[in-house]
Every structure is written in structure tokens, then in C-alpha cells.
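These notes are about the structure you will find just below.
The values are calculated or read from the model by the stated rules, or taken from the named source; none is laboratory data. Remember, predicted model here, so these are calculated numbers, not experimental data. Every residue, glycine among them, receives a Cβ derived from its backbone with ideal geometry; neighbour counts consider all protein chains shown.
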Amino acid sequence: MARKKKSSVFIPLGDPTTLSPGINSRMEVATGFLIRHVRINGNAIFVERFEVQPRQEIEAKWYIQGGPRASIANIGKKWVEGQMSFPLRVDRSGLLPESIRDILTNAEYPNESLRIDTNHTLSYMGLTAENGGSDDNTLLALDDVVVRSLTISVAPNSDIKVNITFFGTIDAKIAGNYVTPEDTEIGRKLNWNDCDASRYSSAMRTVSLLEFSIENTIEDAVFLTAMGEERSDQIKLFGVKQCKWSGKYEEILRLGAETENFFHGGWKVGENVTFDFGGLRFYTRVPLFEMTEQPLTALMIVRKSKFISLTSPSQSNQQGKLIYFPEEEI
Amino acid sequence: MPVRNKLYGVYKLLELGGNKYVVESANRNREMEAQPKNFVQGTAKARIMDVGGLSETISVNLPILVGGGASLDGRALVNTYVARALDETNETLPLITGATIKVGQEGATVSANFLSDGRPSSGAFRVTNFPIDSVPGKPLDPTYSDPTRVARFYDFRCRIGGIIYYIMEASIEIRVNTDKKYFIAGAENTWGTTQFVATAMNTNQNPLASSDANNPYNFGTQFPFIGVTGIQVTGSGQAAVELSDYSVPVDYDFEDYGNTQRKWEAINVDLSSDGGGDGNHYELTWQRPGEVRTAADQLGDPTAQGFLLEIWNPAKQGGAGWEALLDTNIVDLSNALVTKSDFRVSVGILTVNFGFINWVK
């Protein structure tokens, strides 16, 4: 069958399939020797898992078209999304590294972008629809992402775990800051022994699990190409519509433990809840409790309480602050 | 045998008036007027029927495609059939009566409605199993023609008066006004003698009769005569609204022109009381006594086009580039009035729904 050689959007390879893959001319940047490392706003962070990368809607569509085989592509918007998990870690002076502080601050105030640099996240800024395949990738900074959700949790005999999801886009084609190993101060992971919890009406001495979550509801938008602008398949903007802060804790029941801890739901004005994770505290002024769960088992009886933090809606209002670092007073 | 692929439309190819298209769905509807008539007839039962004419309507939904398949898409259909509707001398069925082209985040769709006379021999609507690779140019073969993809948001650009940025969707609605008549057909053979007919009307038989038994010009058929009486083009769309307080000190409203930033505090909605320095409120195309003002006039640049909806054509003659979605040789829509600005405030993205109507040249 004759093959059309000249095309504006389809540039065939010279002799496809006859050459073995992996020859030097097709080698991609940074695929041979990975130094796995991540930076947040230029500062290193030690992670257990990192999966933040560009995503794109790519599928095929079928029509009344003369047969069932996929013939028509459907290539949609491109964005950045993924998750990261890391232990909470402090340096020798007991302070959290800047990278973790930036993430926590962004989760609380998701109105400014974070920049993420990695050694392994390849990106393509052009239109995928007009340059498909594996060519022309670059190691770009993920320069416009925010924290979509954050969960920090700890239980007896475990480290403090932080799980985060990110959402965003690549706003400018900025070369990634190649992350090399660096001199990092000796630190240590925080664990259950570094934690504390209390509320106005209880010292919470029988707590067996602490967890706090931040969920930022994000809506993205794409627009038709504006007159005079370059075409792009990246999402044009995104915004945070809702911020929800919530916590949960579990308490072991024993004789003599506080019986008034069984919340029947609703807000408790005048109450407060403080979760202290060693290097930072989550402070809730007005908790809105769900009904407490207290299942009966043959094992130890554990009471589960969940609450949502009610606060001032304005992000600029310090009265509504959630996260406090050691140098800050509640 | 339980495998019966013949039941599925994906194997078929649609032809309208002899042209093939890739469609998402299509309907053909034939109806015949009939109702019982009651007279002073001695019974309430329906004993007499009043049987009228036939009508046939067709509706199709198609994508707009980029690449080889673009020759079979909704844009090709609209351009072909609007041109046919405006052709006084070469009438071909089906006749387009309306089309909506909607461009948005998910891509572009074309919904088109047609009218035909219900005559089976017209070939207005045909479902075929014509081999797709036998279509000239093999448009859906990605190894022969350009690979085909659905046109998405980055393939379109739009301008509605002063609205250029943050356009989320835009629609063009074409309405072709038609009229349907039934005539008492003339005789198919010589009727009367020529001495009673003036020379200028020197005919004595049906000039349009044919051997086709279903020809509506023949005596004794139920098929209508269809004609085009007008065409109008309107449109609508949705754009995001951005509000920024640039006033120093901040005044908590979005009604001003920020002199420092040199731009309006409100983008895509006009919240000012005076229209700024030139007094031009750009939401609607307001008229002035003794003047006809287009959306372009309102922009302060009469040479600018008030309405523009373009698609990126990678195979454009002379190199890839933007071109009008509707062929400007068929309908030139450069003059428009903006007629609606519906500002909506919700917890999500602030939006304005706009509407416009075009002069059609």
C-alpha cells in the first residue's frame, strides 16, 4: 500500500519497527542514571513515594464510521497531578525543613503555587496532538501546583506519615533544577512519642490514633484559544473553591475514662482541639463533631470521633489560622 | 449464530444527498398527515379519512475533525448544505433547515436538521455499507491520510465583540426558513390546444413531469414542493468572568478602570456606570440615534470583525493556520450585534452567557 510521505501532522519514521529500541539516537534525557531526589520550592525533601507528573486525556472515539476499529483520536487537556508521601522529619534543632513547611503552608493557604523539581518527571510543553510519541521531552519544573489534599496521621509504634496529593499545571517552560545530592543536616523522623493531643474540656490521655486532613476542592478550566495567543493543550487556570479541614481520633475506653467524650454531633462552641505532631500543631477553634462511633467487640473497646473545623472563611484572616509551627503561639 | 454485527451502526456509513459523513447519530423521520373527518353521517364512528401530504425530516449529530477525516465531518456538511440552500438554480435534497455548531472544552459538535419531500427516490438519506477505505483519499486510514482526531478547545479561537479571553464555549445557530406547498399538478400529457395559450406562455403540458412515478410534479403524488425563504445566523456562548480590585486604595468593587494596570477591573462583564473614557459599554451593542452600530463599531475599531470563530487547519493551503469555521465565500458573518449578557455568580467559576446575531453577507 502506498504510504503518504508528506504530512503536516504526521511525520512517519524512516523505517519503523526494523531497528531495535534503545539505540543512542533515541535515548531520552535522564532515563539512564536516575538520582532520585525531589525539591519543593528549591529545598530538598526526603520522600517515600512520589508520583506527581503530567497527565492528559487521551482516548479514541467511535462514530458511524464504516467499522468498529479505532480510527479517530480524542486528545484533550493536559495537567499535573499526583501524590507524595513522606515521614515528618526535624533537624537537630527540632525544626521542620523548609520544604515540609512550604507544603503545609500551601495546604492551609492554597492561593499561591508551589514549584516541584525532580530528576525523573519528563514533560512536553507543546501540543501533543501535533507531536505525538516520545520525542522532545524535557525535564521541566512543575512550577504551578497546589496541595489538593493532605493527611497527617500517627498511631502507637509508628512514625508520623504525611500523604499529599497535588494538582496544577506547568505555567512556564522553566528547565528543571537538576536535583543533586546535597549536604543535609542529620535529622530524625518524628513518631508517636513526639505527639500530644488535647481539647479544652479534656486532656485526652487515652488517645490511640490521631489524624488530620485538609481537602481543597479545585476546579480547572480550559478556554478556546484567545486571539493572538499561542495554542496550548495545558489547562488554562484552576482555582480553589472549597477548603475543608477535618480531624479524627480514637480513644481506648477504660473504667474511669471521660464519659462525656461521646459526642452526639453538632458544633461545640468554646471548645478547641489541638493535635500536636511534634514539629507542628493543628489547632481547631470550633469543632463540628459527627456522631461518635463506639463499636462493641471482644477486643479492646475503641471510641472513634470525627470533626470538621469551622473557621472564618477569609484566607487573609489570622483568626482562622490552622497550622502553628513551634515558633508561633496559639 | 449469536454474533450479529449487522445490528450495529458502527459498521455503517451515512450518505446525505450522495455525500458521505462520519456521524455520531442520525434520525430519519417520515410522516404522513391523516386524520378522521366527521360529517353529518349518521354515526360517530370514523368512517372517512382525510389523508394529506408527506413530510420527511432528518437530523444528524456529527463531530468536527482534524486530519484526513475532516472531509467527512460536520463542518464539511454545514458548508456544503448551507451553500446548497442558497443556490437558487441547483436544488438538491435534503434541504438544511437548521444547524448548531457548538465548540467547547470537550470539542465541537454539529447538530443539523434537514427537510426532504419523503420521496424514496430522492436518496436524501441512505445508510450504506460502503467500504470506508474506498472513499477517495482514504480519509480514515491513518497510514495513508493524516491521522484523524476530534477537534478540541485548542483548535478553535473565537471573538464576540469585546469578549476575547476566557471563552469556554461558543455556538453558532443557522436557521434556514423554508416553505412547503402542495400544488394541483398539471396534466402530464397535452392538455387542450395551443391556440388558447399566449405565445409567451407557449406550453400546454406539465413542464416538470417525468417518468419517475414519485416525482412530486407528476399528477397524483403526495410529495410537497419545498423552497428557501430566508437564512439567519445567531449565536451564543459562555465565558469566564475575572474580577480584580485594582483601585488604590481598594474600594471593594469592580467598576473601575485601573490606571496603574491599564485594564478594567472586570473582564468579560461591564460593571461600570459610565463605560470608561470613550463611554462605550461593551456588553451589548447599543445603538445611537441615526447610526447603525456593529459590535466592531463598539470596540472603537470599525475594521475589526465583531464576530469570529476560527479553526486551526494544519493542512491549510500555504501552511498551517487559522481559517473561518464557516466558509466566508458562502456566509460572511463579520458584522454582528451582541444582544445578550447574562452574568452568573455562583460558588464556582463566574460566568457570562452571551448572545449575538449576525448580518449575513
Item to check | Among (1) under 30 Å from residue B:67 (Cβ atoms); (2) among the aliphatic types (A, V, I, L, M); (3) in a loop (DSSP other than H, G, I, E, B), the one test that residue A:73 misses | outcome: (3)
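To keep it simple, each residue is scored yes or no on (1) closer than 21 Å to residue A:42 by Cβ; (2) surrounded by fewer than 19 Cβ atoms within 10 Å (Cβ to Cβ); (3) of a type in the set (Ser, Thr, Tyr).
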| position | (1), (2), (3) |
| --- | --- |
| A:100 | yes, no, no |
| A:110 | yes, no, no |
| A:118 | yes, no, yes |
| A:121 | yes, no, yes |
| A:142 | yes, no, no |
| A:151 | no, yes, yes |
| A:157 | no, yes, no |
Item to check | Near pairs, Cβ below 8 angstrom, 6+ apart or cross-chain, from segment B:280-304 (touching a residue at least 40 places away in the same chain (Cβ under 8 Å) and among the aromatic types (Phe, Trp, Tyr)) to any residue that is in a loop (DSSP other than H, G, I, E, B) and surrounded by 12 or more Cβ atoms within 10 Å (Cβ to Cβ) | outcome: B:282/B:161; B:282/B:162; B:282/B:270; B:282/B:275; B:282/B:299
Next on the checklist: Kindly evaluate residue B:35 against the criterion of being exposed (fewer than 15 other Cβ atoms within 10 Å of the Cβ), more than 9 Å from chain A (Cβ to nearest Cβ), modelled with pLDDT under 95 and over 30 Å from residue B:154 (Cα atoms).
Outcome noted: no
Checklist entry - Can you name every residue in segment A:224-237 that is facing chain B (nearest Cβ under 7 Å) and part of a strand (DSSP E or B)? => result A:225
Checklist outcome for this item: Scanning segment B:93-128 for residues that are within 8 Å of chain A (Cβ to nearest Cβ) and not in a strand (DSSP E or B) gives B:105, B:106
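Conditions tested, residue by residue: (1) surrounded by fewer than 18 Cβ atoms within 10 Å (Cβ to Cβ); (2) closer than 26 Å to residue A:162 by Cβ.
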site	(1), (2)
A:196	yes, yes
A:201	yes, no
A:205	yes, yes
A:214	no, yes
A:227	yes, no
Next on the checklist: Residue under question is residue A:185, and the condition is that it be more than 16 Å from residue A:80 (Cα to Cα), surrounded by fewer than 21 Cβ atoms within 10 Å (Cβ to Cβ) and away from every other protein chain (no Cβ under 14 Å); does it hold?
Outcome noted: yes
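This table checks each residue for (1) more than 18 Å from residue A:281 (Cα to Cα); (2) at pLDDT below 95; (3) away from chain B (no Cβ under 11 Å).
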position: A:206; (1), (2), (3): yes, yes, yes
position: A:209; (1), (2), (3): no, no, yes
position: A:216; (1), (2), (3): yes, no, yes
position: A:239; (1), (2), (3): yes, yes, no
position: A:244; (1), (2), (3): no, no, yes
position: A:253; (1), (2), (3): yes, yes, yes
position: A:261; (1), (2), (3): yes, yes, yes
Checklist entry - Looking at segment B:290-345, what strands (runs of 3 or more DSSP E) fall wholly within it and have at least 3 residues that are more than 16 Å from residue B:158 (Cβ to Cβ)? => result B:336-344
Next on the checklist: I'd like to check something: does segment B:219-232 contain any residue that is over 22 Å from residue B:356 (Cβ atoms), touching a helix residue (DSSP H, G or I) at 6+ places or on another chain (Cβ under 8 Å) and at pLDDT 85 or above?
Outcome noted: yes
Checklist entry - Can you tell me how many residues in segment B:314-361 are more than 14 Å from chain A (Cβ to nearest Cβ) and of a type in the set (Val, Ile, Thr)? => result 7
Next on the checklist: Would you confirm, using the coordinates I've provided, whether residue A:188 is charged (D, E, K, R) and either in contact with a Phe, Trp or Tyr (Cβ under 6 Å, 6 or more places away or on another chain) or modelled with pLDDT under 90 (or both)?
Outcome noted: no
Item to check | Number of positions in segment A:108-132 that are within 14 Å of another protein chain (Cβ to nearest Cβ) and among the acidic types (Asp, Glu) | outcome: 1
Checklist entry - Which ones in segment B:256-278 are over 27 Å from residue B:335 (Cα atoms) and either at pLDDT below 90 or within 14 Å of chain A (Cβ to nearest Cβ) (or both)? => result B:256, B:257, B:258, B:259, B:260, B:261, B:262
Next on the checklist: I'd like the full set of residues that are surrounded by fewer than 18 Cβ atoms within 10 Å (Cβ to Cβ) and under 25 Å from residue B:140 (Cβ atoms), limited to segment B:45-78.
Outcome noted: B:59, B:61
Checklist entry - Any residue in segment A:265-285 that is buried (at least 16 other Cβ atoms within 10 Å of the Cβ), at pLDDT below 90 and over 30 Å from residue A:94 (Cβ atoms)? => result yes
Next on the checklist: Could you tell me how many of the residues in segment A:211-253 are under 18 Å from the mean Cα position of the chain (by Cα) and polar (S, T, N, Q)?
Outcome noted: 5
Item to check | Some residue of segment B:147-165 being within 12 Å of chain A (Cβ to nearest Cβ), at pLDDT 90 or above and farther than 30 Å from residue A:228 by Cβ | outcome: no
